[in-house]
Amino acid sequence: MTVPANGASTTKASEYDPRVVAVTRPEHHFSYLSDDNGDWLATTDGKTLEVQGHVDDAVIWDVREDGFEHATSGLRLRSDATTLDSTTTLRLGNATVAADGSLANGAPPATFRIGHGPERLPSEYLATLNKEGWVSLPCILPPSVVDGLQRVGCVDAYADREPVRQTPLAQDSAVAKATIEPVSLWLTREYMRTRDIRLGHSPGISALTRDDGKREVQGWHNDFPYLWGTGDRIPVPSGDLVLGMQRNTCVSDFTKENGATLFKLGSHTSDTPPPREWGISTDTYRKGHRAESGLPYAGPEADVIEAPAGTIVLYDARTWHRAGMNQTDGKRGAIIQAIIPGFIVPFMDTSGTYKAFLESDAYRQVTARERKEVEKLMIHRIAGPAGLFAIGIDRELTERVREQAAASRSVY
């Protein structure tokens with residue numbers, strides 16, 4: 001089938017032939033050096049050390065035979081250990097490094113944990129994101145976190161495990177660690193040009209099963225808060241103001257065959273919804289649509305990003321995309337997460353999930369910085385003359401507006 005440049009008709013399953021963009025497994029990762037609170041050891045001038053609560057180029061270190069070398073400045077630290085997840089003291093010259101990054105000068109030296117860092121510098125990822133509107137962070141999550149996500153999602157080695165009726169965030173600390181993965185959050189803040197970001201909905205792990213050839217499938221759309229193709233929440237283009245980012249975490253390996261997400265990469269610059277001829281979600285979720293019209297477009301003008309488990313794909317929410325089709329017997333796990341500026345109303349209430357997290361063992365298994373970051377992402381706030389308030393669902397008023405909506409043709 002030939003696809004016209006300005007659109008395409010829906011297709012048959014046999015015409016599932018998008019362009020494959022392959023993300024390869026890295027042979028090398030940088031390291032983090034973190035204090036007991038989970039903050040990162042950094043240098044901004046290549047001479048002095050400090051700790052900071054976010055990841056950028058200043059906190060990126062590379063393993064050397066006798067310790068670590070700062071990735072951009074070349075500052076060298078000596079260390080007794082360099083193994084991932086181990087703890088060690090650090091020495092700059094003849095002085096040991098204290099917990100705040102200063103030189104201990106006779107005080108007890110601090111211990112720092114060696115963490116799994118990115119393949120590339122955060123600034124390099126940001127340059128790609130700014131240019132392309134999307135970026136992949138290959139295997140950015142440590143193997144232990146990937147294993148925890150697969151267990152909660154009941155996929156891969158845990159495919160026979162029965163799902164637990166509890167919010168994933170409260171089941172395993174791996175969900176919190178994936179939720180606050182620091183490079184993707186720094187990139188999101190830089191790309192949207194705001195420090196104040198929130199989750200649009202609570203984190204959850206989906207497991208895509210084999211397509212049965214009959215069920216309705218997701219059509220093309222732009223993501224929250226735009227939702228063009230599924231309701232047009234933001235009815236007009238936002239121009240240079242980015243109102244949403246989407247973060248797809250590969251809990252399993254993502255392949256064309258097992259339902260990796262389909263994209264029209266670069267489409268965020270059009271500031272328009274996907275063409276109806278491609279099969280938009282508003283239409284494709286209608287009962288009987290597949291039998292009548294076939295599947296949404298999946299030809300060579302579409303892109304599928306194949307990536308190993310632990311990879312994060314971060315993209316502008318205006319990018320046209322849709323779920324792929326799993327043509328294998330295995331379940332493909334993913335965390336699909338909307339991230340928004342603090343001034344956008346969230347897609348769903350996250351307060352209940354956050355309170356469940358507070359009461360869980362998972363909360364006690366993460367660092368102080370990780371707890372703080374989860375709180376910032378999941379508690380929506382009002383700040384005004386009367387002070388600071390957390391926003392949540394009012395159950396009584398919710399029932400009232402639902403009753404009114406059911407009794408009226410219009411919500412206005």
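Data for the structure
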| item | result |
| --- | --- |
| Using alpha-carbon coordinates, inclination of helix 395-407 to the longest axis of the chain, degrees | 20 |
| Theoretical ellipticity at 222 nm over the chain - DSSP helices of four or more residues, -39500 (n - 2.57) apiece, nearest 500 | -6000 deg cm²/dmol |
| On Cα atoms only, tilt of 143-153 relative to the major axis of the chain in degrees | 30 |
| Spin-label model distance (nm) - Arg113 vs Thr328, 7 Å beyond Cα toward Cβ | 3.1 |
| Label-point separation in nm, Ala127 to Ser206, each point 7 Å along Cα→Cβ | 3.4 |
| Exposure proxy ranking, count of Cβ atoms within 10 Å, fewest first, for Ile197, Ile180 | Ile197, Ile180 |
| Dipole magnitude of region 31-116 about its Cα centre (Cβ charges: Lys, Arg +1; Asp, Glu -1), debye to nearest 20 | 260 |
| Size of charge dipole - region 82-209 - debye, nearest 20, with Cβ of Lys, Arg +1 and Asp, Glu -1, no other charges | 320 |
| Label-point gap, in nm, between Ile382 and Phe343 - each point 7 angstrom along Cα→Cβ | 1.8 |
| Dipole-positive endmost among Ala42, Thr398, Gly67 within the chain (Cβ charges, Cα centre) | Thr398 |
| For the chain, with +1 on Lys and Arg beta carbons and -1 on Asp and Glu, the positive-most of Ala307, Asn326, Gly219 along the dipole | Gly219 |
| Reachable lysines, given that their alpha-carbon falls under 22 Å from the alpha-carbon of Lys355 and they are not under 8 places away in the same chain | Lys177, Lys372, Lys376 |
| Net charge dipole size for the chain [Lys, Arg +1 and Asp, Glu -1 on Cβ; Debye, nearest 20] | 940 |
| Eligible lysines near Lys214 by straight Cα distance, threshold 30 Å, same-chain separation 8 or greater | Lys12, Lys256, Lys264, Lys287, Lys331 |
| Integer Hz, Karplus 6.51/-1.76/1.60 couplings in order for region 277-294, x for Gly and Pro | 5, 7, x, 8, 4, 3, 8, 6, 7, 6, 4, x, 5, 4, 5, 7, 10, x |
| Rg/Rh ratio calculated on Cα atoms of the chain (Kirkwood radius) | 1.00 |
| J(HN,Hα) series, region 68-73, from Karplus relation 6.51 cos²θ - 1.76 cosθ + 1.60, nearest Hz, glycine and proline x | 9, 10, 5, 5, 10, 9 |
| Extension gain (nm, one decimal) between Ala406 and Glu216, 0.36 nm per residue minus Cα-Cα | 65.8 nm |
| Gain on full stretching of the segment that runs from Glu162 to Arg276 - 0.36 nm per residue minus C-alpha separation | 37.2 nm |
| The chain: angle of helix 368-378 to the longest principal axis, Cα-based, in degrees nearest 10 | 20 |
| Gained length - Ser102 relative to Glu396, 0.36 nm times residue gap less alpha-carbon distance | 100.5 nm |
| Loop trypsin sites (Lys or Arg not before Pro), region 131-229, which have at most 13 other Cβ atoms in a 10 Å radius of their Cβ (DSSP) | Arg161, Arg165, Arg193, Arg195, Lys214, Arg215 |
| For Phe347, Phe30, order by how many other beta-carbon atoms lie within 10 Å, fewest first | Phe347, Phe30 |
| Positive dipole terminus of the chain, leading residue within Ala291, Leu77, Val155 (C-beta point charges) | Ala291 |
| Loop sites in region 16-91: GluC sites (Glu not before Pro), DSSP, at most 12 other Cβ within 10 Å | Glu27, Glu65 |
| Low-density loop cleavage sites - chymotrypsin sites (Phe, Trp or Tyr not before Pro) in region 271-302, where at most 15 other Cβ are within 10 Å (DSSP) | Tyr285 |
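Values in this text are rule-based calculations from the coordinates and carry no lab data. On a predicted model such as this, the values are computed, not experimentally measured, just so you know. All Cβ positions, even for glycine, are placed from backbone atoms using ideal geometry, and neighbour counts span all protein chains on display.
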